[in-house]
Amino acid sequence: MRNKILFIVFFASVLFSSCTKEKASINPDNLQEYLNLNSGLGSDEVIGCAASDEFDASISYIFYYPVVGATEIQYFETENSSVDEHDFSNYQRRELPKEGVFNGYLERYVRNDVKEVWSIVTFKTNGKLHKSNPIRLKNQTKPTEWSNQVAIDFTQNTAPKFSWLDGTIKENAIYFQVLTNSNNDLLSGTYTYDRWFQYYVLGNVVLNVTRENPPELEIGNEYNFVMMGVSLDNWVNLVLVNKFTIQ
């Protein structure tokens, strides 16, 4: 009888240990382990970048574009910025507060930490695991510059042309432009290599995250223009915000 009890206790402990290990492996904190676990899924990208707060450089925002239907959205970061950013075993999952941008069209993690690191955002869609390119946080060495210096050409009043100059840090490789209405609903989201964009002319657009054909701008209505200048390592050097009215 005693041997039978010992066997049951032993079996239960082995089973519990096995279940615990299995449960831990379902959602590992290490990015490489997480990728290995989901190696059977197709792969795709996450559009992401990061910027520091306008008034407090200890706060960084990690922006990403969540595909409609995205699930299991996660944030990973390295211990510091000197590691190999392409070695995914250097990334550990971290819980950060998250909030919508442009009424939820985009989203961002809010990170309150002076330490500079590499970060990656992942999420899943049906049958795919999406992963961003490494995003370098430079909130201390190259804090994001915020300005409203945008030139607006109203020659075609309902299709204004926006142009700008680089800021203090001239390392921008691509420019992300957003137009919103007065309720901050995103009307168009586009990327160009040029320092200009005309609404809604796509001749120089290299990436378009606008989901639906945007409306024509209306005379007398107020709109917002936002531009992010992004470097090759996905850090936002410059943010321009300008409110305007179609005349």
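The values are calculated or read from the model by the stated rules, or taken from the named source; none is laboratory data. Just so you know, these numbers come straight off a predicted model, no measurement behind them. Cβ sites come from the backbone with ideal geometry, for glycine too, and all protein chains shown count toward neighbours.
For first residues located in the stretch 138-154 and more than 20 Å from Ser60 (Cα to Cα), partners that are modelled with pLDDT under 95 and lie 6+ apart or on another chain with Cβ distances below 9 Å form the pairs Phe154/Gln247. Restricting the stretch 37-66 to residues that are aliphatic (A, V, I, L, M) and surrounded by fewer than 16 Cβ atoms within 10 Å (Cβ to Cβ) leaves a set whose member that is farthest from Asn208 (Cα to Cα) is Leu37.
If you go through the stretch 20-51 and keep only what is modelled with pLDDT under 95 and within 17 Å of Ile120 (Cα to Cα), you end up with Asn27, Pro28. One residue is enough: does the stretch 207-216 have a residue meeting the conditions closer than 11 Å to Ser188 by Cα and of a type in the set (A, V, I, L, M)? Yes; the residues of the stretch 207-216 include at least one that is closer than 11 Å to Ser188 by Cα and of a type in the set (A, V, I, L, M).
Counting just the residues of the stretch 92-101 that are assigned to a strand (DSSP E or B) and not basic (Lys, Arg), which one comes out surrounded by the most Cβ atoms within 10 Å (Cβ to Cβ)? Going through the qualifying residues, I end up with Val101. Within 26 Å of Asp53 (Cβ to Cβ), in contact (Cβ under 8 Å) with a residue 40 or more places away in the chain and among the polar types (S, T, N, Q): is that true of Ser182 in this structure? It is true that Ser182 is within 26 Å of Asp53 (Cβ to Cβ), in contact (Cβ under 8 Å) with a residue 40 or more places away in the chain and among the polar types (S, T, N, Q). The lone criterion from (1) surrounded by 13 or more Cβ atoms within 10 Å (Cβ to Cβ); (2) in contact (Cβ under 8 Å) with a residue 60 or more places away in the chain left unmet by Tyr75 is number (2). Checking each residue in the stretch 110-149 for being under 22 Å from Ser188 (Cα atoms) and buried (at least 18 other Cβ atoms within 10 Å of the Cβ) picks out only Ser132.
Inspection of the stretch 152-175 identifies no residue that is within 30 Å of Lys115 (Cβ to Cβ), aromatic (Phe, Trp, Tyr) and surrounded by fewer than 17 Cβ atoms within 10 Å (Cβ to Cβ).
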